[in-house]
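As structure tokens, the structure follows; a few thoughts come after it.
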Amino acid sequence: MDQREQARRLSELYDEVLGGARVPGAPRPLVAASWERSLAAAVDPELDQPPLVLNHDMVETLRENHPLRAVLPVLRQTLTTIADEASHIMIITDAQGMILWREGSAEVKRQADRIALSEGAVWSEDQIGTNGMGTALAVGEPVQIHSAEHLVRRIHEWTCAAAPVHDPDTGKLLGAVDVSGPLRTVHPAMVALVTAAAQLAEGQLKVRMAAADEMLRARNMRHLMALGDAPGALLTPTGRVLAVQPLEWLPDRLVVPDGADRIDLGDGREGLVERLDEGYLLRMPGTPVRRSRPSLQLKLLGSGQPTAIVGGREIALTLRRAEVLALLLLHPSGLTAEQLMLQLYGDEGNPTTVRAEMHRLRNLLGGGVLDTKPYRIIADVTGDVTQVQTALRQGNLHTALTLYAGPLLARSDAPALRMERDELDATIRRATLDTRSPDVLWQFAQTSTGAEDVEIFESLAAVLPAADPRHAAVAARLARLVD
């Protein structure tokens with residue numbers, strides 16, 4: 001049966017079923033169950049379009065903080081080119097069916113606009129009835145919805161396939177990946193394509209989670225070690241167990257209610273939990289409270305004087321001392337004198353010079369901040385550069401730009417720091433350009449990195465409305481940059 005004949009037959013079945021007729025075997029069970037849910041939610045089959053649509057600014061806010069933002073490049077690489085060539089569009093929703101991103105064929109996007117198949121519209125089953133995205137979110141598995149299988153009659157000229165994406169940490173639903181197109185574009189491989197894309201996205205999220213776990217473990221292992229030989233564990237903010245020292249048995253994940261200081265370990269035992277800057281320390285009743293450590297805050301971004309704040313005491317840093325602390329911040333498990341030498345000076349350095357500098361730096365910062373063998377920071381440390389990196393890994397571009405004061409130690413020629421600086425600048429710049437958001441582009445343009453960037457200002461000029469008061473300033477800066 002060709003596609004037109006199949007669509008005609010589905011339309012006949014649709015009219016018969018919704019008219020109250022009993023049609024054996026129609027629609028298929030997946031669709032019948034979806035129609036039942038949709039009708040129970042009072043969705044009108046003659047509905048014109050989704051009733052809830054958010055404006056651009058609200059959608060942009062949701063995008064900036066959504067976990068799927070981090071895997072947008074892999075989804076684009078997997079789906080957008082294929083969708084564009086095959087007269088489809090790629091759609092990514094959140095867990096409630098809100099369309100956050102839509103890319104692909106320009107002509108299909110124009111057709112999609114007529115039914116509000118666009119950013120800001122909610123395509124959950126309870127809003128627009130049976131459809132690829134909404135039904136995939138409802139059943140938690142890949143689906144394809146074709147023609148009159150859609151509950152709402154106005155969508156019968158469309159076909160769509162979608163697959164849900166889950167958080168590899170908590171298992172919670174994050175959203176759906178969908179490929180939609182006009183009826184003539186239906187293809188049996190669409191379900192396999194979106195399923196593969198969703199699996200790739202979950203794989204990328206898992207890789208990012210593993211990297212974040214390793215950083216958390218390296219930064220916070222000292223809290224577990226402070227228990228000595230007493231049993232305990234290091235937990236992520238979501239309760240996953242990252243590291244254990246002798247405990248008879250512990251599940252892979254523990255439930256830590258907000259504000260709780262005692263939790264059930266699942267076998268009748270009770271554990272004590274301490275909130276850390278990242279995650280929790282679990283210890284058994286009767287074990288000593290972890291030793292108090294000084295706090296260290298490092299300000300290393302931008303063109304200003306790098307500083308260290310130790311227990312509230314602000315210390316101006318020379319460039320070399322800032323370079324050493326930056327490297328130790330970026331390598332929380334520690335570096336030997338030889339490793340520091342290579343990262344600071346390349347092959348021409350001398351470990352003796354590094355050891356002398358470390359001795360002076362330890363005296364400057366005071367006890368309990370730096371350790372030796374290897375050299376590492378043992379204070380409770382935060383740094384603007386790692387905070388920006390964390391925000392970017394989490395897909396939180398607004399936070400990253402708020403914290404980003406400029407390049408990492410702009411005057412440093414240390415080989416390792418030049419590489420870190422270039423990578424951070426390139427990552428935040430690319431993420432900014434990809435948003436096409438006037439507010440995000442403007443925010444980056446106010447930094448020393450963005451202030452001289454022609455492409456940033458060209459993008460701003462292209463997306464800012466003519467009536468926006470920033471438009472004249474952007475035009476003037478762009479004229480100066482290209483002159």
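The values are calculated or read from the model by the stated rules, or taken from the named source; none is laboratory data. The structure presented is a predicted model; accordingly, all values stated were derived computationally and were not measured. Don't worry about glycine lacking a Cβ; one is built from the backbone with ideal geometry, like all the others, and counts go over all protein chains shown. The protein model used for the area step is the full one, side chains on, heavy atoms only, and it has no ligands, DNA or RNA in it. Shrake-Rupley method; radii C 1.70, N 1.55, O 1.52, S 1.80 Å.
Given the options Leu72, Ser38, Asn55, identify the residue whose Cα lies farthest towards the positive end of the charge dipole of the range 38-77 (+1 on Cβ of Lys, Arg; -1 on Cβ of Asp, Glu).
Leu72
Set Lys and Arg Cβ to +1 and Asp and Glu Cβ to -1, take the dipole of the range 259-396 about its Cα centre, and tell me which of Gly259, Leu335, Val354 lies farthest positive.
The Cα lying farthest towards the positive end belongs to Val354.
Add -39500 (n - 2.57) for each DSSP H run of 4 or more in the chain, then divide by its residues: what number comes out at 222 nm, to the nearest 500 deg cm²/dmol? Walk me through the numbers on the way to the answer.
Details: 18 runs with 207 residues, N = 483.
Here the helix-only value at 222 nm equals -13000 deg cm²/dmol.
Over the range 268-364, what percent of the accessible surface lies on carbon and sulfur atoms, probe 1.4 Å?
Working: 2230 of 4750 Å².
Carbon and sulfur atoms account for 47 percent of the accessible area of the range 268-364.
For Val74 and Val255 in the same chain, what is the full-extension length gain: residue separation times 0.36 nm, less their Cα-Cα distance, in nm?
Values: separation 181, 0.36 × 181 = 65.16 nm, distance 3.21 nm.
Length gained between Val74 and Val255: 62.0 nm.
Report the label-to-label distance for Met284 and Ala476 in nanometres (one decimal), using points 7 Å from each Cα along the Cα→Cβ vector.
Calculated label separation equals 7.0 nm.
Carbon and sulfur atoms: what percent of the 1.4 Å accessible area of the range 35-118 do they account for?
Working: 2030 of 3890 Å².
Here it works out to 52 percent.
How large is the accessible surface per residue of the range 97-146, computed with a 1.4 Å probe and reported in Å² as a whole number? Intermediate results must be reported in sequence, preceding the final value.
On the way: 1410 Å² over 50 residues.
With the other protein chains kept in place, the range 97-146 gives 28 Å² per residue.
Points 7 angstrom from Cα along the Cβ direction at Ala451 and Val53: gap in nanometres?
About 4.1 nm, to one decimal.
Using a 1.4 angstrom probe on heavy atoms only, work out the carbon and sulfur share of the accessible area of the range 386-483 in %. Present the calculation step by step, with values, prior to reporting the outcome.
Working: 2470 of 4650 Å².
After summing per-atom areas, the C and S share lands at 53 percent.
In the range 247-347, which GluC sites (Glu not before Pro) fall in coil by DSSP and have 11 or fewer other Cβ atoms within 10 Å?
Working: sites: Glu248, Glu270, Glu274, Glu278, Glu314, Glu323, Glu338; in loops: Glu248, Glu278.
Sparse-neighbourhood loop GluC sites (Glu not before Pro): Glu248.
Obtain the radius of gyration and the Kirkwood radius of the chain from its C-alpha atoms and give Rg over Rh.
1.06
For the range 233-359, what is the accessible area per residue in Å², given a 1.4 Å probe and the full set of protein chains?
Working: 6400 Å² over 127 residues.
That works out to 50 Å² for each residue.
Rank-order 305-311, 232-238, 393-399 by packing density, defined as the average count of other C-beta atoms within 10 Å over each peptide's residues, highest first.
Values: 305-311: 17.0, 232-238: 21.3, 393-399: 18.9.
Peptide ranking by packing, descending: 232-238, 393-399, 305-311.
Defining a contact as two alpha carbons under 8 Å apart and six or more residues distant in sequence, what relative contact order in percent does the chain show? Write out the running numbers ahead of the final one.
On the way: 828 pairs, mean separation 48.1, N = 483.
10 percent.
Straight-line reach only, C-alpha to C-alpha below 23 angstrom: list the lysines that Lys172 could link to, leaving out same-chain residues fewer than 8 apart.
Lys172 reaches Lys206.
With the crude spin-label approximation of a point 7 Å out along Cα→Cβ, what separation in nm comes out for Thr61 versus His359?
Computed distance between label sites Thr61 and His359 equals 5.7 nm.
To the nearest 20 Debye, how big is the dipole of the chain about its Cα centre, given +1 on the beta carbon of each Lys and Arg and -1 on that of each Asp and Glu? Show your work: numbers first, answer last.
Numbers: 50 positive and 63 negative charges, 281 e Å.
The calculated dipole for the chain is roughly 1360 debye.
Are there trypsin sites (Lys or Arg not before Pro) in the range 137-195 that DSSP puts in a loop and that have at most 16 other Cβ atoms within 10 Å, and which ones?
Working: sites: Arg153, Arg154, Lys172, Arg184; in loops: Lys172.
Hits after loop and neighbour filter: Lys172.
Given R₀ = 25 Å, what would the calculated FRET efficiency be for Arg430 paired with Leu173, taking r from the Cβ atoms and rounding to 0.05? Write down the numbers at each step before the final one.
Working: r = 28 Å, r/R0 = 1.12.
The pair Arg430/Leu173 has a calculated efficiency of 0.35.
Per 10 Å bin, what is the whole-percent P(r) computed from every C-alpha pair distance within the range 117-271?
Calculated over all Cα pairs of the range 117-271, the distribution is 10, 29, 22, 17, 15, 7, 1 percent.
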